Amino acid sequence: METVLFSGQIANDLKKFLGHLDFSSLGIIMDDNTQKFCLPLIEEILPESAKTFSFPAGENQKNLETCVHIWEWMTREGFDRKTLIINLGGGVTGDMGGFCAATYKRGIKFINIPTTLLSQVDASVGGKLGIDFQGFKNHIGVFTQPEAVIIAVEFLKTLPQREFRSGFAEVLKHGLIRNADYFRSLKNENWQDQAWQEIIEKSVSIKKDVVEKDPKESGLRKILNFGHTIGHAFESFFLGTDKHLLHGEAIAIGMICEAFLSAKKCSLSKDEMEEIEKSLLSVFGHVEFSENDIPQIIQLCAQDKKNEANTLYFSLLRRIGECDYQIPVTAQEIHESIQHYRS
Ligand code: NAD
Ligand code: ZN
């Protein structure tokens, strides 16, 4: 499993860390936002010979074409098997930069420095790397661990509020699936007002614990998909429209629907179901759509790659803090859960 380091002062800590590593050259991969907002925080300690590559920000850049540009850059710069790559950015940069490093010359070393809340608490841990392909998310990829993940809260100062809140959905999810006290300790109305350092450490420890027990997602790791089967469908449904949802915003809807399914199919109590709804709605508000949209959203659930054959399997809550997985759910039940959210 990867080493996760929590840094209180990224420039100093990265300098120390690099001092212990043996590498021939250094390459930094980032997007245009993290080049502008995050690179300045570490620039002074980088060797003058360090090479940089940046691509336009956004999920729609997490594709093979950008990888080709990255591999071309690596080749042009003469990177060898002892080159070290630093991925400086959110989940898009970490997933794609890591994938390019893990495949260049059969794999060179890389460090991830996640700069969004979502990538700090979720994407940077667990070794999943990859890109989107032909409309399918994370369709091509590998499992490879970085040399280290270095997490510094100071990057979050420049993160747009909406991106920040999106990451908070995964934090709430960590509490819901694994730790009721943690879930209840999180602020809802003033969600911006949290002890982020502690929250990030707690969330990373939950994610790490689950992934360590089941690295290749043959069982337990599926609980991290709570909220994601229906959530991904909403994410795809609104993609490219003016109601476009960020990942966490879609997952928040998914968690409300799947809490309803948890009460119906698993042992979640009605009180806890309502507690979950209240908490998520107070942070994320309610998203409107029409009754006629529901069949298409259900269709999109079926396309979620996490499901096998024709049965839809869900990770559902037994109670707040405890999650079960591989629970079969029918299209009719999904319909009811989405209707429940709508009302
Ligand atoms: P992202 O990388 O696109 O970052 C979101 C936006 O914030 C971008 O515009 C980025 O430029 C900007 N940004 C990043 N850091 C900033 C900072 N400090 N200041 C200002 N702006 C900043 O997206 P994300 O939300 O971090 O991650 C989503 C991606 O992560 C998806 O592709 C998803 O598939 C992936 N993911 C991977 C895993 C995994 O296990 N590998 C888990 C969850 C999500
Ligand atoms: Zn997620």
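Read-outs: derived from the displayed coordinates by stated rules, not from any lab. In this text the structure is predicted, and so the values were computed from the model without any measurement. In this analysis, Cβ positions are derived from the backbone assuming ideal geometry, glycine residues included, and neighbour counts consider all displayed protein chains.
Every residue in segment 252-277 that is in contact with a strand residue (DSSP E or B) (Cβ under 9 Å, 6 or more places away or on another chain) and β-branched (Val, Ile, Thr), please.
Ile276
Taking segment 232-255 only, how many residues are part of a helix (DSSP H, G or I) and under 16 Å from Ile294 (Cα atoms)?
Residues flagged as part of a helix (DSSP H, G or I) and under 16 Å from Ile294 (Cα atoms) within segment 232-255 amount to 10.
Inside segment 103-136, can you point out the residues that are in a strand (DSSP E or B), away from ligand 2 (no atom under 12 Å from the Cβ) and not acidic (Asp, Glu)?
Lys109, Phe110, Ile111, Asn112, Ile113, Pro114, Leu129, Gly130, Ile131, Phe133, Phe136
Evaluate segment 278-290: report whether one residue or more is within 17 Å of Leu316 (Cα to Cα) and either in contact (Cβ under 8 Å) with a residue 24 or more places away in the chain or away from ligand 1 (no atom under 16 Å from the Cβ) (or both).
Yes; the residues of segment 278-290 include at least one that is within 17 Å of Leu316 (Cα to Cα) and either in contact (Cβ under 8 Å) with a residue 24 or more places away in the chain or away from ligand 1 (no atom under 16 Å from the Cβ) (or both).
Out of all the residues in segment 292-305, is one or more within 20 Å of the chain's Cα centre (by Cα) and surrounded by fewer than 17 Cβ atoms within 10 Å (Cβ to Cβ)?
Checked segment 292-305: at least one residue is within 20 Å of the chain's Cα centre (by Cα) and surrounded by fewer than 17 Cβ atoms within 10 Å (Cβ to Cβ).
From the residues in segment 72-95 that are among the hydrophobic types (A, V, I, L, M, F, W, C) and in contact with a Ser or Thr (Cβ under 8 Å, 6 or more places away or on another chain), which one is farthest from ligand 2 (Cβ to nearest atom)?
Phe79
For segment 139-149, name all the residues that are buried (at least 16 other Cβ atoms within 10 Å of the Cβ) and either within 10 Å of ligand 1 (Cβ to nearest atom) or farther than 18 Å from Phe99 by Cα (or both).
Passing the criteria: only Gly141.
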